[in-house]
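Below is one structure, written out as structure tokens, with a few remarks after it.
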Amino acid sequence: MAFRAARALNHDHHRVGLGIFMAITLAHWAEHLVQAYQVWALGWPRPQSRGVLGQFFPWLVTSEWMHYGYALVMLAGLFLLRGGFVGRARTWWTVALAIQFWHHIEHLLLLIQAQTGQFLFGAAAPTSVLQVIYPRVELHLFYNSVVFIPMVIAMYLHLRPNERELTLADCDCVQRRTRAAALAA
């Protein structure tokens, strides 16, 4: 059953799956960009710079469960959609998956600290490993960038396969492109 679902996602519904996943990713990006704008352009104090949703639902910004949940959604999406990629696109998608795995570990550490009240590095609040070096707003912009950039490269290459990749590709993204090219010729 699970195999059939994964096969359907990466064959007949890959384009839709990628579209939904990218919409979720871009919405999350928008939140972080608004938060950065609030900090650097508007000069708001960091605790009041909560993005768009955080202005209406402040508990979202401080909820480690919500942040960890999103990290899991990203990890699951990258893992589940990977099967539709081949060649160079698969390599770049795998890079995004590996980086997101680490980002997920960082959020797991934050969640565990929030639940236990035991904070790393003698901090007064949950602190991730790289947060010791970089403030949280900047660190999350960095993480989102280093996951997003290889995702975009992978999607670009996925929709523009070379000849070898075209013979290996089996998803509806490439099939539609191939049919369109054949009709145009």
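Just one of the numbered conditions (1) touching a residue at least 40 places away in the same chain (Cβ under 8 Å); (2) part of a helix (DSSP H, G or I) is not true of H104: (1). Among the residues of segment 29-52, those identified as surrounded by fewer than 16 Cβ atoms within 10 Å (Cβ to Cβ), without any contact (Cβ under 8 Å) to a residue 24 or more places away in the chain and over 18 Å from the mean Cα position of the chain (by Cα) are Y37, W40, A41, L42, G43, W44, P45, P47, Q48, V52. Of all residues in segment 112-130, those satisfying the criterion of being small (G, A, S) and either surrounded by fewer than 14 Cβ atoms within 10 Å (Cβ to Cβ) or within 13 Å of the chain's Cα centre (by Cα) (or both) are G117, G122, A123, A124, A125.
Please tell me if G51 is touching an Asp or Glu at 6+ places or on another chain (Cβ under 7 Å), of a type outside the set (D, E) and on the phi > 0 side of the Ramachandran plot. In short, yes. Can you pull out the residues in segment 1-18 that are loosely packed, with under 12 Cβ neighbours inside 10 Å and in a helix (DSSP H, G or I)? Within segment 1-18, A2, F3, R4, A5 qualify. Checking each residue in segment 81-111 for being out of contact with any helix residue (DSSP H, G or I) (no Cβ under 6 Å at 6 or more places or on another chain) and either surrounded by 15 or more Cβ atoms within 10 Å (Cβ to Cβ) or among the aromatic types (F, W, Y) (or both) picks out R90, T94, F101, W102, E106, L108, L109. Only one of the numbered conditions (1) in a helix (DSSP H, G or I); (2) at pLDDT 90 or above is not met by V137, and that is (2).
The values are calculated or read from the model by the stated rules, or taken from the named source; none is laboratory data. Just so you know, these numbers come straight off a predicted model, no measurement behind them. Ideal geometry is used to build each Cβ from the backbone, glycine not excepted, and the neighbour counts take in all protein chains shown.
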